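Right, one structure below, let's go through it.
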Amino acid sequence: MAHPSKIVHCTGPGDPHALDGISRRHRSGDLDKLCPVCGGYGQWNTQIDLVSHRSIRHACPKCDGRGWIETGDDMVPSHDIGRSEAGHPVWTVRLDPSDDRE
């Protein structure tokens, strides 16, 4: 049996309903400033059903879903998957320099 739906497509964090059901991220670690793209939410809805509130979300490319960015000289850790010498996948932490210095 089909359920009623009203799907809305969003193109970015400024669209109506793009931040429905998403709470602002807490500051973690030494990150300095709210992300200027997502406003601290870290993600936004690309599709949301206004009836069932199911959504498809997109992580912010500026802050990698953290909601906060580094503005100083500190390195920013990013979780990644690499390959071991034997060719097996392993979890690693990559340290990237900040690209939003003021």
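So is Ala86 at pLDDT below 90, among the hydrophobic types (A, V, I, L, M, F, W, C) and part of a loop (DSSP other than H, G, I, E, B) or not?
no
Would you confirm, using the coordinates I've provided, whether Gln43 is closer than 30 Å to Gly72 by Cα, surrounded by 13 or more Cβ atoms within 10 Å (Cβ to Cβ) and at pLDDT 90 or above?
Yes: the conditions hold for Gln43.
Can Pro89 be described as surrounded by fewer than 16 Cβ atoms within 10 Å (Cβ to Cβ) and in contact (Cβ under 8 Å) with a residue 12 or more places away in the chain?
no
So Pro16 passes all but one of these: (1) surrounded by 12 or more Cβ atoms within 10 Å (Cβ to Cβ); (2) free of Cβ contacts under 8 Å to residues at least 24 places away in the same chain; (3) in a loop (DSSP other than H, G, I, E, B). Which condition number does it fail?
Only one criterion in (1) surrounded by 12 or more Cβ atoms within 10 Å (Cβ to Cβ); (2) free of Cβ contacts under 8 Å to residues at least 24 places away in the same chain; (3) in a loop (DSSP other than H, G, I, E, B) is unmet by Pro16, namely (1).
Quickly run through region 24-59 and pick out the residues that are part of a loop (DSSP other than H, G, I, E, B), farther than 16 Å from Thr71 by Cβ and touching a Ser or Thr at 6+ places or on another chain (Cβ under 6 Å).
Scanning region 24-59 gives a single hit, Val51.
The values are calculated or read from the model by the stated rules, or taken from the named source; none is laboratory data. On a predicted model such as this, the values are computed, not experimentally measured, just so you know. Glycine also receives a Cβ, built like all others from the backbone with ideal geometry; neighbour counts cover every protein chain displayed.
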